[in-house]
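Rule-based calculations on the coordinates, nothing more; no lab input. On a predicted model such as this, the values are computed, not experimentally measured, just so you know. As a convention, Cβ positions derive from the backbone with ideal geometry for all residues, glycine included, and neighbour counts pool all protein chains shown.
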There are 2 protein chains.
Amino acid sequence: MDRTSRRRRGAGRPTIADVARLAGVSPITASRALREPQKVSEELRGNVAAAVEALGYVPDPNARALASSRTDVIGVIVPSLTNNVFADVLRGMYDALEGQAYQIQLGNSRYQPAEEERLLTTFARQKPSALIVSGIDQTETARAILQDADCPVVQIMETGPDPIDMMVGFSHRDAGAAVVRHLIASGYRRIGFIGARMDPRSQRRLQGYHDAMDEAGLGDPSIIITTPAPSSVTLGRHLFRDLATRSAGLDAVFCNNDDLALGALFECQNMALPVPGRVGIAGFNDLEMMAAATPSLSSVRTYRYDMGLLSMRMALGAIQEEPIEERIVDLGFELAMRDSTAGPAT
Amino acid sequence: MDRTSRRRRGAGRPTIADVARLAGVSPITASRALREPQKVSEELRGNVAAAVEALGYVPDPNARALASSRTDVIGVIVPSLTNNVFADVLRGMYDALEGQAYQIQLGNSRYQPAEEERLLTTFARQKPSALIVSGIDQTETARAILQDADCPVVQIMETGPDPIDMMVGFSHRDAGAAVVRHLIASGYRRIGFIGARMDPRSQRRLQGYHDAMDEAGLGDPSIIITTPAPSSVTLGRHLFRDLATRSAGLDAVFCNNDDLALGALFECQNMALPVPGRVGIAGFNDLEMMAAATPSLSSVRTYRYDMGLLSMRMALGAIQEEPIEERIVDLGFELAMRDSTAGPAT
DNA sequence: TGCAGAAATGGTAGCGCTACCATTAACGTG
DNA sequence: CACGTTAATGGTAGCGCTACCATTTCTGCA
């Protein structure tokens, strides 16, 4: 009868007390047998395991979290899910968690700092084991939340001077400059810039473009076209067409990302402009399709999977209080220069 | 002094008891003021709100979950994150949650039923408010977990006869058949099938291909090529090349998805086979790039965003115990037939 | 043989919140 | 005006687990 009223609350599932009773040990020993087996004698460990099996016991993560004020959740905030870039990053993270008892709680900030703050507030309440955030441009409030969260924090996608805790990424500015220098070395001179979304990392790639153009004395603001609109292949077509129409002599474009570059290629095919002879095209990120295009498209390979994998490994290491070797890891980038930037026809 | 030892456990954050004390009410009234404001007089509600503000109180979701045996988490399991298809679905889900106090917990089953079971076990323990899973081919164990989870369940991406609870999707078989019928109507005869991954939904699209080919008397197993490998543009190139090389007279291909179709287009350009005159190409899903390609690529538009949005709305409705109008919602599909299937050159 | 120290186990007391029921006050209604 | 009804508030008792400390048992070594 007491049981009836009790059942209304819980679902009547076995608790660790039931396991302990059946195994003939105290609840705390049963708890230890599950969490720190090496601290329990082999005999009792076996009894507990048998009881767990017999009852079909599964621990309640909420009770565990309340009692220990920590969860097995690792909060991850990315600015976009539509973007293939983050899909690769997430793949790396999930792979790093293989066989680990942690779970990812994913948040999508949609490139909005206010949304990031809101998500961080929600995540921090849950006492996560670690937090991983994208970029280095958190608001003051967001930084404060991360600092107070009392768990390891990893910033990913780019590197900068002032990590909240740990960082793994690369320099978008250097990468942008490197592509443009390559275009110049290939013989292109009127090199336009096409950019969409223009989030902070895009801005820094544009900085790199400026660096390279200015040092070669080729800088010209009129061959830059950007929009805050989200990137797409169609947008790449439109932006390229606009730029090509208004800028006489344009002989190459550096696109902020690969979708835009693919769009530029399609528009060149549409306008019957030979690539790379009449127009050189370079993208950014080196998504899988770039190598498969006809002609193959140049891009900058970024180590997205590795950023995901390594950031998660760094987080796990810090959770387990292993010494931190390096707080800032720069994974660099690699130029993947293909047919689309082979040089102008002579 | 008592405080010192207490601080070790919790982080010393204010609790609802602190709020209640400051507001001059009992803890339970403070709790109600936050969760069911209409049950508390306006005066006390104001006092509680002021106390919350003054202390910077944030409720502990873990304690809340333990006491009420429910969380504000909605578990979502998708088979892939690399796939743009699910990015759109997730966007719809997040949009449906706008302004709601629920959170998504995302799991990636990687197209592995065993992984799905594992994730469901983990999710179910947490007493989620709802669960959303992809596809209709759950294992017996997975179905049992979902049934026992004691929360609304929505299966998405396709429809079928035997919903666990609710369902929103469309018929992949009908969609596959519809494209192929269109290709036949456009004048193509030797229509090949190119498929990667071959998960259950891909299998059903292939079924549809068979339906249409057989009813036209054009069926020929030798012009079907499939692989369990994950889809990619490069793979599309390779598979198309293999198929075109070995099948004389091939005049069109229906690709399992858009990545493969794009790869087929690139390979046609590479092999100098005019599209659509010499080869017709159709994909599946109608990703954004399809309309932007040169020539524009035909595909089947699927309502991915809407599946995400609606599935979440159905889940929310069921959580709030609104009456369920329809358990199975078929959102259908639409043929997006473009230049790449304009018909063979005569 | 005695004893310090480690290893194994258990008792107690919450973690912060809410379900459940009880109580009180305010309001008709016949 | 007694009595049921509703609205507003509070007291009690956990939810299921683990931190903390205490206790017991087992080593190894002087």
Q: Among B:Asp162, B:Asp211, B:Asp95, rank each residue by its count of other Cβ atoms within 10 Å, from fewest to most, as a rough exposure measure.
A: B:Asp162, B:Asp95, B:Asp211
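Note down the net charge around A:Gly169, summing +1 for each Lys or Arg and -1 for each Asp or Glu among other residues with Cβ under 15 Å from its Cβ.
Values: positive: A:Arg173, A:Arg201, A:Arg204, A:Arg205, A:Arg301, A:Arg304, A:Arg313, A:Arg327; negative: A:Asp88, A:Asp137, A:Glu158, A:Asp162, A:Asp165, A:Asp174, A:Asp199, A:Asp306, A:Glu326, A:Asp330, A:Glu334.
Here the count lands on -3.
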**Q.** Nm distances between copies for A:Gly249, ranked from closest, using label points 7 Å along Cα→Cβ
**A.** 5.7
Q) Under Stokes-Einstein, with the Kirkwood radius over Cα pairs standing in for Rh, what whole-number D in µm²/s applies to chain A at 25 °C and 0.890 mPa s? A) 107 µm²/s
Q: Return the single residue from B:Glu158, B:Glu321, B:Glu43 with maximal mean-square fluctuation; model: Gaussian network over chain B, springs between Cα atoms under 10 Å.
A: B:Glu43
Q: Mind listing the label-point distances from B:Gly219 to the same position on all other copies, shortest first, one decimal in nm, points 7 Å along Cα→Cβ?
A: 6.9
Q | Cβ-defined net charge surrounding A:Arg201, 13 Å radius [Lys, Arg +1; Asp, Glu -1] | A | +1
Q: Find out how many positive minus negative residues lie around A:Pro113, taking Lys and Arg as positive, Asp and Glu as negative, among other residues whose Cβ is under 15 Å from that of A:Pro113.
A: -1
(Q) Can you compute the modelled spin-label distance between A:Glu334 and A:Arg246, with each label point 7 Å from Cα toward Cβ, in nm? (A) 3.8 nm
Q: Sort B:Leu97, B:Leu287 so that the residue with the fewest other Cβ atoms within 10 Å of its own Cβ comes first and the one with the most comes last.
A: B:Leu97, B:Leu287
Q: Report, in cubic angstrom per residue, the convex hull volume of the C-alpha atoms of segment A:147-241.
A: 127 Å³
Q. Given chain A, what percent of its DSSP beta bridges are antiparallel, to the nearest 5?
A. 10 percent
Q) What is the fewest-to-most order of A:His172, A:His182 by other Cβ atoms lying within 10 Å of their Cβ? A) A:His182, A:His172
Q. Please report, for the Cα atoms of segment A:269-329, the Rg to one decimal and the Dmax as a whole number; what are they, in angstrom?
A. 19.3, 60
Q | Most mobile of B:Ile136, B:Ile191, B:Ile319 in a GNM of chain B (Cα contacts under 10 Å) | A | B:Ile319
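Need one number for the protein assembly as shown: average projected area of the convex hull over its C-alpha atoms, nm².
Details: hull surface 147.0 nm².
Taking the Cα atoms of the protein assembly as shown, their convex hull projects to 36.7 nm² on average.
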Q | Two-decimal log10 I(q)/I(0) for segment B:14-108, as the Debye equation yields it once each C-alpha is a single scatterer, q = 0.15, 0.23 Å⁻¹ | A | -0.71, -1.11
Q.
At 7 Å along Cα-to-Cβ for each site, give me the label-to-label distance between B:Asp148 and B:Asp220 in nm.
A. 5.3 nm
Q | Per-copy distances of the A:Arg301 label point, shortest first, in nm (7 angstrom along Cα→Cβ) | A | 3.8
Q: Name the residue, out of B:Arg32, B:Arg70, B:Arg313, whose mean-square fluctuation peaks in a Gaussian network model built on chain B with Cα pairs under 10 Å.
A: B:Arg32
Q) When all C-alpha to C-alpha distances in segment B:108-167 are sorted into bins of 5 Å, what percent of pairs does each bin hold, rounded to whole numbers? A) 4, 20, 34, 28, 13, 1
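Could you tell me the calculated FRET efficiency between A:Ile28 and B:Arg327, based on Cβ-Cβ distance and R0 = 35 angstrom, to the nearest 0.05? Provide the component values of the computation, followed by the final result.
On the way: r = 46 Å, r/R0 = 1.32.
Taking R0 as 35 Å, the efficiency between A:Ile28 and B:Arg327 is 0.15.
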